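Novice: I am attaching a structure below and will ask some questions about it afterwards.
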Amino acid sequence: AAVAAAVKTRNPKIRVLNYHNSQIAFTRCYRSGETFKEHPDWWLRNDAGDPYTAYVPADLYYDLSQDVVRHFVANASTLFVPDHATLIDGIFVDKANTPKNFAGMSATRRDAFALGHTASINETRKWSHDYFRPGAKLIANGLHHYSHNTFPDNGGLDLLPVVDGLCVEHFLSFEMLNGNTGKLRTNLFQSSIDQINTATAAGSARH
């Protein structure tokens, strides 16, 4: 909040977005994480009952198949943010594309998580419109299909109905470059440009 206020003082036209991971709770980073840790029944678990974790130290995943968890996520991404109504212009949603699978999870539960994940992003978008500054937007990070080898083949275009915009992660960096030579992998560059054109056309038609 202090940084956002300083930025706005320097240039009121700059838009400040709150970072929000749509799947991982980051309990060690956010105030809302303390609440999430107190509800182990909200944690995403495999079929054996073990919670999924990411990174080190371990961060927990939201079980987005549950209505109560989706509501908590929307709340945490907006109302938990200091001065959200005066300083914040929207949300930058990371990990917006649903992974193709979780090891040790049945297909039925995986499908329920995927549906819940999309619904959660949609609810979060609506909350951001209601509780952030007027004109707030939710931008999803995930218009690509080459990063991490975990995303759907459509590169995140299925998110268009539930977001205000999409961005291309790792554009002109990481996977888009040859790791040995540093040269641009032109096929991936062209693929991203094609995705941008498709998303732009679909967005224009929708709005």
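The values are calculated or read from the model by the stated rules, or taken from the named source; none is laboratory data. In this text, all values refer to a predicted model and were calculated from it rather than measured experimentally. Cβ: placed from backbone, ideal geometry, glycine included. Neighbour counts: every protein chain shown. Quick note on the areas: whole protein, heavy atoms, side chains included, nothing else; ligands and nucleic acids left out. Shrake-Rupley method; radii C 1.70, N 1.55, O 1.52, S 1.80 Å.
Novice: First select every other residue whose beta carbon is under 14 angstrom from the beta carbon of Lys137; then total the charges, Lys and Arg +1, Asp and Glu -1. Don't skip to the end; give the middle numbers.
Specialist: Working: positive: Arg15, Arg125, Lys126, Arg133; negative: Asp89, Asp130, Asp164.
Net local charge, Lys137 excluded: +1.
Novice: Ordering His20, His71 by accessible area with a probe of 1.4 Å, largest first, what comes out? Working shown, then result.
Specialist: Values: His20 15, His71 90 Å².
The most accessible residue leads, giving His71, His20.
Novice: A follow-up question, please. What net charge do the residues around Ser22 carry, taking every other residue with its C-beta under 15 Å from that of Ser22, with Lys and Arg at +1 and Asp and Glu at -1?
Specialist: Values: positive: Arg70, Lys95, Arg125, Lys126; negative: Asp59, Asp63, Asp94, Glu123, Asp158, Asp164, Glu169.
The answer is -3.
Novice: Something else about it: Can you tell me how much longer the chain between Phe189 and Thr86 gets when fully stretched, taken as 0.36 nm per residue apart minus their C-alpha distance, in nm with one decimal?
Specialist: Details: separation 103, 0.36 × 103 = 37.08 nm, distance 3.78 nm.
Separation in residues times 0.36 nm, less the Cα-Cα distance, equals 33.3 nm.
Novice: If you don't mind, there's one more thing I want to ask. Given a Förster radius of 22 Å and the C-beta distance between Thr181 and Ala54 as r, what FRET efficiency does 1/(1 + (r/R0)^6) yield to the nearest 0.05? Don't skip to the end; give the middle numbers.
Specialist: Working: r = 31 Å, r/R0 = 1.41.
The pair Thr181/Ala54 has a calculated efficiency of 0.10.
Novice: List, in order, the whole-Hz ³J(HN,Hα) value for each residue of the stretch 4-12 obtained from phi through the Karplus relation with A = 6.51, B = -1.76, C = 1.60 and θ = phi - 60°; use x for Gly and Pro.
Specialist: These are the phi-based 3J(HN,Hα) values: 4, 5, 5, 5, 5, 5, 5, 8, x Hz.
Novice: Give me the Kirkwood hydrodynamic radius of the stretch 1-96 in Å, from all C-alpha pairs, to one decimal place? Working shown, then result.
Specialist: Details: mean 1/r = 0.0691 Å⁻¹.
Over the stretch 1-96, the inverse of the mean reciprocal pair distance is 14.5 Å.
Novice: Between the stretch 107-124 and the stretch 1-42, what is the C-alpha centre distance in whole Å?
Specialist: Between the Cα centre of the stretch 107-124 and that of the stretch 1-42, the gap is 22 Å.
Novice: Using heavy-atom solvent-accessible surface (probe 1.4 Å) with all chains present, what is the largest-first order of Asp47, Asp63?
Specialist: Numbers: Asp47 90, Asp63 20 Å².
Output order, biggest surface exposure first: Asp47, Asp63.
Novice: Right, something else. Would you kindly derive the ³J(HN,Hα) couplings of the stretch 160-170 from the backbone phi angles with the Karplus curve 6.51 cos²θ - 1.76 cosθ + 1.60 (θ = phi - 60°), listing them in order in whole Hz, with x for Gly and Pro?
Specialist: In residue order, the calculated couplings are 3, x, 10, 10, 8, x, 10, 10, 8, 6, 6 Hz.
Novice: What residues qualify as long-range amide H neighbours of Leu166, i.e. H under 5 Å apart, gap of 5 or more or another chain, H built at 1.01 Å from N?
Specialist: Amide H neighbours of Leu166, under 5 Å, 5+ apart: Ala140.
Novice: What ³J(HN,Hα) values, in whole Hz, does the Karplus curve 6.51 cos²θ - 1.76 cosθ + 1.60 give for the stretch 69-86 when θ = phi - 60°, with x put for Gly and Pro?
Specialist: 6, 4, 5, 4, 4, 4, 5, 5, 7, 10, 5, 6, 7, x, 6, 4, 7, 10
Novice: Related question: With the other protein chains left in place, how much accessible area per residue, in square angstrom, belongs to the chain at a 1.4 angstrom probe?
Specialist: About 52 Å² of surface per residue is accessible.
Novice: In square angstrom, rounded to the nearest 10, how much accessible surface does Cys29 have for a 1.4 Å probe?
Specialist: Accessible area, nearest 10 Å²: 90 Å².
Novice: On to the next question. Can you work out D for the chain in µm² s⁻¹ from Stokes-Einstein, where Rh is the Kirkwood radius over C-alpha pairs, the temperature is 20 °C and the viscosity is 1.002 mPa s? Walk me through the intermediate numbers first.
Specialist: On the way: Rh = 18.2 Å.
The diffusion coefficient I find is 118 µm²/s.
Novice: Determine the gain in length on full extension of the stretch Ala202-Thr9; use 0.36 nm per residue of separation and subtract their C-alpha separation, reporting nm with one decimal.
Specialist: Working: separation 193, 0.36 × 193 = 69.48 nm, distance 3.62 nm.
Separation in residues times 0.36 nm, less the Cα-Cα distance, equals 65.9 nm.
Novice: Considering amide H positions built from the backbone, and no H for Pro or chain starts, which residues 5 or more places from Asp59, or on another chain, come under 5 Å of its amide H?
Specialist: Sorted by chain and number, the residues that satisfy this are Ala54.
Novice: Filter the trypsin sites (Lys or Arg not before Pro) in the stretch 64-125 down to the DSSP loop ones having no more than 15 other Cβ atoms within 10 Å, then list what survives. The partial results should precede the final answer.
Specialist: On the way: sites: Arg70, Lys95, Lys100, Arg109, Arg110, Arg125; in loops: Lys95, Lys100.
Passing both the DSSP loop test and the Cβ count: Lys100.
Novice: For Val16, which sequence-distant residues (separation of 5 or more, or a different chain) have an amide H within less than 5 Å of its own amide H, given hydrogens modelled in the peptide plane?
Specialist: Asp89
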